[in-house]
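Comments concern the structure below.
Taken together, the values in this text are just the output of simple stated rules run on the coordinates, not laboratory data. All values derive from a computational prediction rather than experimental measurement. Note that we place each Cβ from the backbone using ideal geometry, even for glycine, and neighbour counts take in every protein chain shown.
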Amino acid sequence: MKICGLISDNPDVPAPALLDQMYEASWQSCYKRREVWSNGPAGLGHFSIGAVNTELQPIIDPTSEAVAVFCGKIFDYDTDRRSLKEEGAFFQFAANDGEFLLHWVHRRETQELRRINGIFSLAVWDAASNILLLTGDRYGFRPLYYYHDAPRGVFAFASDLRAILATGLPPLRVNWRSVNSFLHLGHPIGEETLFEGIFRLPPASILTFENNKIRLDRYWQLADLPVQENMTMGDAVDGCVALFQQAIKRRMKASSVRHMVLLSGGQDSRHIAAELKRQRVEFTAYTTTGFKPMVQDKVLADRAARALGISHVYVPLPKKDFLTC
């Protein structure tokens, strides 16, 4: 899933055409649907793979007329959703993470975003006040890039940096500071990208665009985590195991469909399968063959499935163009 958008009060800027160019640059063959909305100076877009939060976007809050596009997944918010309903929030959908987050940012203090458990990016346009809000999860797993052309009064954002480049708005100048970081570390540092003027929204941040100005606020930072100076190695290992078990439980609670595990033979999938078995979750393990033959992975996957006593199915894939089959 991806989102994008463009805000412009400048009549000389062809906003609908630019938004369409952003769409074309972001489109991938795995997407099932793309949606666009525009009203006045604002245009928002959303791409869906049809897996989660399948309702059409943008999502509209009928009480405030705020409009949002969202991608990601949020866990453990049933209690907070009930409290929002008690305060008068109207939910159109039975369980849509983006709708919940739209109500949350409108009815809670900024710092309350630290309570959200999930990976996400969100854009909210408030037509009543002409304010755009962008935010994302604590660690920036769902990136958002943005560009602000202050002289022309244009602001563009997208999950895909190519979408912003496709508008033709930013000058194509290399950011050599970022290139230097990339060559030394393998990735840019902080907000900067490889292009001058295009920035990445920092993790755990809220960007507010109002009156052709940007304000950035942080709702959480890594330094907020307490340091447990007396923790032993055994405590650390036990804590990691407990967090892993909790993560599996949360995932199962949020899913109402038939469960499956892609069992590659690697440690990650084996540990997930073993924990699901320990939690007595019914599931089937699948191992792909033919696309990239790895005999050792196939053998390990088979041994793991036999040891766990779980249903295991091989799925043959063609060696070429299997995504288009």
(request) Return the subset of LYS213/LYS253; LYS85/LYS253; LYS73/LYS277 for which the Cα-Cα distance in this structure is over 30 Å, preserving the input order. (result) LYS213/LYS253
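Taking a cut-off of 27 Å, what percent of all Cα-Cα pairs in region 1-155 are separated by more than that?
On the way: 2550 of 11935 pairs.
That fraction is 21 percent.
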(request) List, in order, the whole-Hz ³J(HN,Hα) value for each residue of region 60-72 obtained from phi through the Karplus relation with A = 6.51, B = -1.76, C = 1.60 and θ = phi - 60°; use x for Gly and Pro. (result) 10, 8, x, 7, 9, 6, 6, 10, 9, 10, 9, 9, x
(message) Charges at C-beta only: +1 for Lys and Arg, -1 for Asp and Glu. How large is the resulting dipole of the chain about its Cα centre, in Debye rounded to 20?
(response) 1360
(message) With only alpha-carbon pairs counted, each pair once and no self-pairs, how large is the Kirkwood hydrodynamic radius of the chain in angstroms?
(response) 22.3
(request) Compute the long axis of helix 176-185 from its Cα atoms, compare it with the longest principal axis of the Cα atoms of the chain, and write down the angle in degrees, 0 to 90, nearest 10. (result) 10
(request) Mind checking the full-extension length gain between ARG250 and LEU317? Use 0.36 nm per residue of separation minus the Cα-Cα distance, one decimal, nm. (result) 21.0 nm
(request) Please give the helix 295-308 orientation as an angle from the longest Cα principal axis of the chain, in degrees from 0 to 90, rounded to the nearest 10. (result) 70
(request) Treating the angle as unsigned and between 0 and 90°, give the value, to the nearest 10°, between the Cα long axis of helix 15-26 and the longest Cα principal axis of the chain. (result) 20
(request) Among TRP125, VAL13, ASN180, flag the residue with its Cα farthest along the positive direction of the charge dipole of the chain, charges on Cβ as +1 for Lys/Arg and -1 for Asp/Glu. (result) ASN180
(request) Taking DSSP loops as anything outside H, G, I, E and B, show the longest stretch in the chain free of trypsin sites (Lys or Arg not before Pro) there with at most 12 other beta carbons within 10 Å. (result) 33-172
(request) Report ³J(HN,Hα) in whole Hz for each residue of region 233-246, in order, from the Karplus equation J = 6.51 cos²θ - 1.76 cosθ + 1.60 where θ = phi - 60°; Gly and Pro get x. (result) 4, x, 4, 5, 5, 4, x, 5, 5, 5, 5, 5, 5, 5
(message) Give me, ordered by chain and number, the residues 5 or more places off THR289 or on other chains with an amide H under 5 Å from its own placed amide H.
(response) VAL315, LEU317
(message) Let me check against my output: what whole-number percent is the relative contact order of the chain, with C-alpha pairs under 8 Å and at least 6 apart?
(response) 13
